[in-house]
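Below: one structure, written as structure tokens.
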Amino acid sequence: MYPAPFEYHRARSVDEAISLLSQYGSDAKLIAGGHSLLPMMKLRLATPAHLIDIRTIDGLQYIEDKGDYIAIGAGTSHAAIEKSDLLKQKMPLLPQAAAVIGDPQVRNMGTIGGSLAHADPAADYPAAVLAAGAQLVAVGEDGERVIPAEEFFVELFQTDLDEREILTEIRVPVISGNTRGAYLKFPHPASRFAIVGCAALVTLENNVCSDVRVAFTGVASTAFRDSGVEDALRGQPLNESTIQKAAEQAAESDELEIMEDNFASEDYRRHLAKVYAKRTLMQIASAF
Amino acid sequence: MEIPIKLTVNGEVVERRVEPRLLLVNFLRDVLGLTGTHVGCDTSSCGACTILMDGKAVKSCTLLAVQADGAELVTVEGLAKNGELHPIQEGFWQEHGLQCGFCTPGMIMAAYQLLEENPNPSEEEIRHALEGNYCRCTGYHNIVKSVQYAAKKLNR
Amino acid sequence: MGKLIGEAVRRVEDRRFITGKATYTDDIKLPGMTYAYIVRSPYAHARIKKIDTSRAKSAPGVIAVFTGEDVKDVNGLPCGWQVNFRNGDTMKEPKHPLLVADKVRHVGDNVAMIVAETREQAKDAAELLDIEYEVLDAVTDPAKAIEEGAPLVHDDVPRNICFDWEIGDKAKTDDAFAKADHVVSLEFRNQRLIPNAIEPRSAIGVYDAARDKYTLYTSSQNPHLIRLLLCAFVLGIPEHKVRVVSPDVGGGFGSKIFHYAEEALVTWAAKQVGRPIKWTAERSESFVTDAHGRDHVTKAEMAFDKNGKILGLRVSTIANMGAYLSTFAPAIPTYLHGTLLQGVYDTPAIYCEITAVFTHTTPVDAYRGAGRPEATYLLERLVDTGARELGMDPAEIRRKNFIPPFDGVKQPGYQTQVALQYDSGNYEATLNKALEIIGYDKLRKEQEEARKQGRYIGIGFSTYIEACGIAPSAVVGALGARAGLYESSIVRVQPTGKVTVYTGSHAHGQGHETTFAQIVADTLGIPLEDVEVVHGDTDAIPFGMGTYGSRSLAVGGSALRKGLDKVIEKGTKIAAHLLEAAEEDLEFANGEWKVKGTDKKITFGEVALAAYVPHNFPEGMEPGLEFSTFYDPANFTFPFGTHIAVVEVDPETGKVTLKRYVAVDDVGTVINPLIVDGQVHGGIAQGIGQALLEEAVYDENGELLSSSFLEYAIPRADDLVSFEVDRTVTPCPHNPLGVKGAGETGTIASTAAVVNAVVDALAPLGIKDLQMPLTPRRVWEAIQQAKAS
């Protein structure tokens, strides 16, 4: 397996990367950890003429406490997120998602920015950032813009990013004392991508769910928040019976086009979404 | 257009000019002649190409050689010191952790990182840490025992 | 004697593997080497209308581009086993060309070979090759392939039937069914598997014009057979002008037995190009070109009396051969499957019919177990189903039907209803031991408790037999083998008493360099370090049939042992001469000859030296101490055992989790228990892979959907548990080592054990059968259906 030839550019700064992107347009691809792009290039499913390496740009790899949110550099590896005590404490569903991506070697190289920008429908982070209510920071020629996670995932392998923009930072809100989150997945036995991944965040006030965020990956062509489950639980106490009821609503939206493949049929995926909604929410309930 | 790279491989500084599309594993195998690192798949699945880059286990089939510029690499050839096997290598030998040997270098390097981070892993932790490395011969039974052997020896 | 046989000696070959110094074919780099890339068909069935090589030929670095036109005068790949139709007609054996000129017949079929200065250039040029295809309808399902009007794989093979075949007594079996109190019937597909040795296949062709000599380095399980097929059948070049080397080989599991087109192509083209050519498969190519395994569509029935005694077995199988006949393909569903249907049971009437068919899929051939897992699967599923339907314990029904113990010496071998004669067996002993290890009664109680809590735990049995080291040659020849199935050895005692042995067996993970050295050191009473085992090079070894079918120790090891006997015999004559004693007054032990009752002795090393410096030597005796031996066994060997799997099924997701796995095998005498256990572990894992994870899936157009490790799941470390293995020892009565073979037992047994366990777990829901692999979706769907009905 050998990629087709390309020109290689090592960007030393975000600005340089943006100017290279502007110069080469759709002929160029950014590479960070390379664990989404390189496999496609080896199969020659992707044949960019120019590769812009942003892995070694200083200042893209960090996890910083900014008070009401945690800023994660887009170049931060899955392994760093998996092991971050700060995140474990303040947004634990993100390290939980990171810990089940691929395998240890993949987690050492793969980056959160790369995974999100690639927008694989079965990747783990998309559900996690949706449930977390993350904001994604993109920088382009015209400066910086902040994209809510809900607006980021457009279609299969397609995001709101312009081809001349770089995702530089992921901002995840810090959870309060009465909020808990979790991420659980049912992996494909071969690829270990999610057949269904469920991320959820629940806030309890006066023993009822005041805020509920439930997001799925692996189920449809993009990760999505499931308002059916969220609405059913909001305002309810968090117990097995309310969870069971809410989970029944998972993946039931009419607008949803559930993926189907040899491993999992539409029915089975929808069923797993309910099971994983229940299990994720039960784990949250047990964490209070 | 070839690009100059400079890196450390098994403690030796290496400088070469490489084609950008050259994969790191092919750089190791074809350019440096370090054929202990193997290629078993084309989907970043099997882990036969696992090496250490700056102390982390990585799949060298999913890295370009140019991305390793400035890095410090250790391959299976760099583990034994002065002819003395590393305890992980010794573990694989003592516990019959290999049969055909093809996955073994990658398996050893993955185990290396595990034991760096977790000197006393449980069986479940060992199995989980090796999920990125395929073996078709051993059923993993003796690989688990090999890592346990190494952990014991390293902790002594 | 007896110091090293049975010892868990650490493998002597390991150091090169654990330090990264092994030499696999792709590790070899020769001066002036070029690289080949094979352009393959993206279609299952298509006519090649045009190939324009001009752009590819002028691409940077390209040395040559070969297409089907260039090799149209070269023979195709031969098949090594002939099975005739029931009516006596010869099986259909269409040409399997090295490169296809007219019509491609499976995805991955070889269309062109590009040779370039670098791998990258060869692959780049492949994209410039202009091929025009006319896509035709394809058929991949063997049951559909024999229907009238199905697309034909080969125009001259009506209904795609390669051959049909039967074994056993049909009338007697039908009669047994007519009289039965109870009949169990199952229909299933023993699904197609993809072997996936972790080392992809690789071949390097070299031609030395000055010496008119070819060398082929290849990742093969049997270099001599490759040389024979390459020379005598494909290229027509003289065998003594070809050297085939199989260096370190990264696993085979059957897939590297066969002669593949790439081996012939690089050898042939090396002469055309005048430089060495290396080809190494990418994993994507392995998926579509390594011979696949299994793929049987089966209807199987078992007749019982009301007490659970088996009265008869009736099997009808359609076996998928793929698009062409691979080297041993016809033997797998017939002589390695139909003849194993006696199992370990005293079934009085058996009948089996096989229809072998061509489809637009990758050729199917031996994959670890090869026919025997399929036989075991159907037997063990039927017996278990019978137990359930008759309300018997699965252990009890087996006990009731076992063939009674026989050692093959005091009691004769057991004559089956399906041609084979078992050598020795004590089947119940393995069951008893396995039950004890698993703690059967307690486990059943735990299962009962778990069920009350809504947990689905299952216990599954598999009591199996296998046939290893198929032989003797005269018999297998009569069954259609186009080769002998003996093995050779050379024992070369060096003048200093060190020993080099050469074996026609080939190790690709089995540890021959250790096991064979143990036999030598033990027999000659010399240190293990004084022995070197050489294998895998046709210029060094007289001839060999290679390693597959768990034959190495039983056949190759016995050839070695026979050679060692000759060394001792001649050594005794030399020692008698030097000690000035009569031969019969000498005894040989611990590496020295002693005159009985005296302290007069001479060491093995001294005798060796005398043999090569024969100043004082028996009159008329040839100098030297070296023997070449060919050993053709009297019969197959028949290992057996009992495996028990314990699983838990998550009823919400359908996911099966393996909880425990017990294996009690009897592989005869054990030379190295460490290695035997390792073989069993690996075999179990592969069988579990078939039960739970692995399946080659084609779509209706013949495209392989499970064409990479992203879709095709092989077991990983966290899919499995540590196995509890033990054994009984019933020696093989007909070979000098008493060994039977251990390479495939695990695979043969474990698939059925796991499936039986899952069905047992779900029995309270009324589930009686499940189709492999038992993916979560399939299990979940079965649960839904059971709940609905």
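So here's what we get for this one:
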read-out: Virtual spin-label span in nm between residue C:589 and residue A:142, 7 Å along Cα→Cβ; value: 9.6 nm
read-out: Exposure proxy order (Cβ contacts within 10 Å, fewest to most) of C:451, B:29, C:381; value: C:451, B:29, C:381
read-out: Coordinate range along principal axes, alpha carbons of chain A, Å, largest first; value: 58, 46, 33
read-out: Under 24 Å from the Cα of residue C:596 - lysines, other chains or at least 8 residues apart; value: C:3, C:566, C:570, C:573
read-out: Listed residue pairs exceeding 30 Å between alpha carbons, taken from C:442/C:655; B:145/C:562; B:59/C:256; C:594/C:740; value: B:145/C:562; C:594/C:740
read-out: Ranked by how many other beta carbons lie within 10 Å on average, peptides C:382-388, B:97-103, C:83-89 from highest; value: B:97-103, C:382-388, C:83-89
read-out: Cross-link partners of residue C:72 among lysines (Cα-Cα below 21 Å; sequence separation of 8 or more within a chain); value: C:49, C:50, C:57, C:92, C:95, C:103, C:271
read-out: Cα extents of the stretch A:179-287 along the three principal axes, largest first (Å); value: 45, 27, 21
read-out: Scaled radius of gyration (Cα, divided by 2.2 N^0.38 Å) that the stretch B:57-156 gives; value: 1.07
read-out: Listed pairs C:170/C:299; C:309/C:768; A:29/A:83; C:172/C:309; A:245/C:787 exceeding 24 Å between Cα atoms; value: A:29/A:83
read-out: Proximal lysines to residue C:21, defined as alpha-carbon separation beneath 16 angstrom and excluding residues fewer than eight positions away on the same chain; value: B:81, C:29
read-out: Inter-centroid distance (Cα atoms) of the stretch A:250-286 relative to the stretch C:414-449, Å; value: 42 Å
read-out: Helix-only CD estimate at 222 nm, as mean residue ellipticity for chain B, using -39500 (n - 2.57) per DSSP H run (n ≥ 4); value: -8500 deg cm²/dmol
read-out: Whole-Å distance, taken between Cα centres, linking the stretch C:256-335 and the stretch C:628-663; value: 21 Å
read-out: The stretch C:452-566: Cα Rg divided by the 2.2 N^0.38 Å rule of thumb; value: 1.42
read-out: Column: log10 I(q)/I(0), Debye, Cα scatterers of the stretch C:473-538, q = 0.13, 0.21 Å⁻¹; value: -0.45, -0.84
read-out: 37 °C / 0.692 mPa s Stokes-Einstein diffusion coefficient of the stretch B:3-78, Kirkwood radius on C-alpha pairs, µm²/s; value: 274 µm²/s
read-out: The stretch A:72-151, Rg to Rh (Cα coordinates; Rh as Kirkwood inverse mean 1/r); value: 0.96
read-out: Peptide ranges C:223-230, A:44-51 listed from the most packed, as the mean C-beta count within 10 angstrom indicates; value: C:223-230, A:44-51
read-out: Per-residue Cβ neighbour rank within 10 angstrom, fewest leading, C:38, C:51, B:88; value: C:51, C:38, B:88
read-out: Exercise: per-residue mean of other protein chain Cβ atoms within 10 Å, C:193-202; value: 5
read-out: Structure-based [θ]222 nm, chain A - -39500 (n - 2.57) summed over DSSP H runs of at least 4, per residue, nearest 500; value: -9000 deg cm²/dmol
read-out: Computed over chain C: relative contact order in percent, which uses C-alpha pairs under 8 Å that are six or more apart; value: 15 percent
read-out: Stokes-Einstein diffusion coefficient of the stretch C:486-631, Kirkwood radius over Cα pairs, 10 °C, 1.306 mPa s, in µm²/s; value: 102 µm²/s
read-out: Rounded D (µm²/s) - the stretch C:683-773, Kirkwood Rh over Cα pairs, Stokes-Einstein at 10 °C, 1.306 mPa s; value: 100 µm²/s
read-out: Residue-averaged 222 nm ellipticity for chain C, from DSSP H runs of 4+ at -39500 (n - 2.57), nearest 500; value: -8000 deg cm²/dmol
read-out: Per-residue Cβ neighbour rank within 10 angstrom, fewest leading, C:362, C:53; value: C:53, C:362
read-out: Largest to smallest principal axis extent of the C-alpha atoms in the stretch A:7-53, angstrom; value: 30, 19, 13
read-out: Cα-based Kirkwood hydrodynamic radius, chain C, one decimal, Å; value: 27.6 Å
read-out: Under 11 Å, Cβ to Cβ, from residue C:629 - net charge with Lys/Arg +1 and Asp/Glu -1; value: -1
read-out: For the stretch A:15-87 versus the stretch C:116-141, the gap between their alpha-carbon centres in whole angstrom; value: 34 Å
read-out: Cα-Cα P(r), the protein assembly as shown, percent of pairs per 10 Å interval; value: 2, 9, 17, 22, 21, 16, 9, 3, 1, 0, 0
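Laboratory data are not the source of any read-out in this text; all were calculated from the coordinates shown. All figures in this text were calculated on a predicted structure; none of them were measured in a lab. Ideal geometry is used to build each Cβ from the backbone, glycine not excepted, and the neighbour counts take in all protein chains shown.
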